[in-house]
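The values are calculated or read from the model by the stated rules, or taken from the named source; none is laboratory data. All of these numbers come straight from a predicted model, not from anything done at the bench. Neighbour counts are summed over all protein chains in view; Cβ atoms, including those assigned to glycine, are modelled from backbone coordinates with ideal geometry.
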Amino acid sequence: MSHIQTKRMRDVLLEKIYNKMYENKKIFFVSADFGSPVLDKVRENFEDRFINVGIAEQNLINVSTGLALEGFTVYAYAIAPFLTMRAYEQIRVNLSITSQIKEMNVNLIGVGAGVSYDMSGPTHHCFEDLTIMGALPNFIVFSPSDWTLAERFVDFSIRVKKPKYIRLDSKPLPGIYEGVGEFNFEDGFCELLKGEEVCIVSTGYMTHKALKVAEELKKNKINISVIDLFLVKPLNEDLLFDHLKEYTCIVTIEEAFINKGGVDSLVMNILRDRDTDIRVLNFGFKDQYAFHIGSRSYLYKQNQFDKENIVRIIRELKLKNYSRAALKGIMLA
């Protein structure tokens, strides 16, 4: 694995946007006093198309909306929980509602999805964004698992003129898709591993964990599938179901509150609407904020979805043939 490059999603995404600004004079960048080495270059070389509005996320949305209504493709950049929750009313009224009657292209870049700012505590954790941003009509929600997907999204973001929320992990991560063959980006997901009976559906950083779970289970001769869900909205639900219906049990993993409208709810709704009896097991954060200060691994362990626990539960389910009673009993153990 040493050949796989490790990079920050935001650095690769911003570098691609910066390069596009040379050829596309309609790209405008707005920041809520949130920096990066790439933005220093944007500020220097495109001072007429860069604004720092200060620590004022609500105004970030107002300014971005005005620019978009004048025909600019706008990238608005801030820390994920503050961008999505402090400015939610402005996002709803200015972008979600307005875009239903007038074309506009505003791309909200939120850095710090899940607990990628792990040591900063609950104010900087972002468990709610998939739920609240996915609830907005006319919005696209993009949750990449690596920097290669983040880079690939830039061309899509320029071409598709709708409001978008781009949720990025803050930490350097290896490039999962460097060795993956061709797939249709706009389907919204990719089956990274093909196995039997069990399929993990994950998004963002959790796809890295899903792949590690699959690797560990393979040592026990248990081969599971892993589907990476990166376009949370819109999603080709029929195509995803065509993949999911092959399995006896679906496991969802996300850095979000479970049973609150995130990836788990999306998957369960797809299965419910098609009247299947496929078992579903959901892993994520409980209905409380994480006041424990520690690494991601520590926070996962506190909420019983560390790698070891997920491996144990899937292995035990395998031995008990994935019955509903077995699933319930193992989760309560």
List, please: which pairs have Cβ atoms under 8 Å, are six or more places apart or on different chains, and start with a residue in the range 249-264 that is without any contact (Cβ under 8 Å) to a residue 60 or more places away in the chain and end with one that is basic (Lys, Arg) and assigned to a loop (DSSP other than H, G, I, E, B)? Ile258/Lys286
Does Ala325 qualify as being at pLDDT below 90, loosely packed, with under 15 Cβ neighbours inside 10 Å and either in contact with a Cys (Cβ under 7 Å, 6 or more places away or on another chain) or in the same structural domain as Thr203 (by TED's automatic domain parsing) (or both)? yes
Does Lys318 satisfy being part of a helix (DSSP H, G or I) and at pLDDT 90 or above? no
Is it true that Ser145 is surrounded by 21 or more Cβ atoms within 10 Å (Cβ to Cβ), at pLDDT 95 or above, not in a loop (DSSP other than H, G, I, E, B) and not acidic (Asp, Glu)? no
Expected output for the range 94-106 (first residue surrounded by 21 or more Cβ atoms within 10 Å (Cβ to Cβ), partner part of a helix (DSSP H, G or I) and of a type in the set (S, T, N, Q), Cβ below 6 Å, 6+ apart or cross-chain) is Asn94/Thr65; Val106/Ser64
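Taking the conditions exactly as written (buried (at least 16 other Cβ atoms within 10 Å of the Cβ) and either in contact with a Leu (Cβ under 6 Å, 6 or more places away or on another chain) or over 14 Å from Thr207 (Cβ atoms) (or both)), does Glu186 satisfy them or not?
The answer is no for Glu186.
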Among (1) more than 20 Å from the chain's Cα centre (by Cα); (2) of a type in the set (D, E, K, R); (3) over 23 Å from Phe153 (Cβ atoms); (4) at pLDDT 95 or above - the single one Asp33 does not satisfy: (4)
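If you scan the range 115-142, which residues turn out to be assigned to a strand (DSSP E or B) and either within 16 Å of Lys16 (Cα to Cα) or of a type in the set (Val, Ile, Thr) (or both)?
Step one: filter the range 115-142 for residues assigned to a strand (DSSP E or B), giving 126, 140-142.
Matches in the range 115-142: Ile140, Val141.
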It is to be established whether one or more residues within the range 288-306 are outside any helix (DSSP H, G or I), buried (at least 20 other Cβ atoms within 10 Å of the Cβ), touching a helix residue (DSSP H, G or I) at 6+ places or on another chain (Cβ under 9 Å) and in the same structural domain as Ile200 (by TED's automatic domain parsing). yes
Check Ile278, Ile330, Ile270 and return the single one that is at pLDDT 95 or above and either farther than 30 Å from Lys171 by Cα or hydroxyl-bearing (Ser, Thr, Tyr) (or both). Ile270
Mind counting the residues in the range 24-36 that are more than 20 Å from Arg86 (Cβ to Cβ) and not in a loop (DSSP other than H, G, I, E, B)? 2
So Asp11, is it in the same structural domain as Asp118 (by TED's automatic domain parsing) and touching a Ser or Thr at 6+ places or on another chain (Cβ under 9 Å): yes
Of the residues Pro174, Pro234, which single one is of a type outside the set (Phe, Trp, Tyr), within 23 Å of Gly114 (Cα to Cα) and exposed (fewer than 14 other Cβ atoms within 10 Å of the Cβ)? Pro234
Kindly list, by first and then second residue, each pair from a residue in the range 12-23 that is assigned to a helix (DSSP H, G or I) to a residue that is of a type in the set (Asp, Glu), limited to pairs with Cβ atoms under 7 Å and residues at least 6 apart or on different chains. Val12/Glu151; Leu13/Glu151; Lys16/Glu151
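What's the total number of residues in the range 293-309 that are under 22 Å from Lys212 (Cβ atoms), over 20 Å from the mean Cα position of the chain (by Cα) and not charged (D, E, K, R)?
First, pick out the residues of the range 293-309 that are under 22 Å from Lys212 (Cβ atoms): 294-309.
With the extra rule that they be over 20 Å from the mean Cα position of the chain (by Cα), the set shrinks to 294, 298, 301-302, 304, 308-309.
Still in the list and also not charged (D, E, K, R): 294, 298, 302, 304, 309.
The number of residues fulfilling the criteria is 5.
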How many residues does the range 63-114 hold that are within 21 Å of His125 (Cα to Cα) and in a loop (DSSP other than H, G, I, E, B)? 3
For Val311, indicate whether it is touching a Ser or Thr at 6+ places or on another chain (Cβ under 6 Å), of a type outside the set (Phe, Trp, Tyr) and either in a helix (DSSP H, G or I) or touching a residue at least 40 places away in the same chain (Cβ under 8 Å) (or both). no
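Restricting the range 247-266 to residues that are over 15 Å from the mean Cα position of the chain (by Cα) and not aliphatic (A, V, I, L, M), which is farthest from Val311 (Cα to Cα)? Steps first, please.
Our first condition is that a residue be over 15 Å from the mean Cα position of the chain (by Cα); within the range 247-266, this holds for 247-251, 259-260.
Of the ones still in play, those that are also not aliphatic (A, V, I, L, M) are 247-249, 259-260.
Numbers: Tyr247: 17, Thr248: 17, Cys249: 14, Asn259: 21, Lys260: 24 Å.
The residue in question is Lys260.
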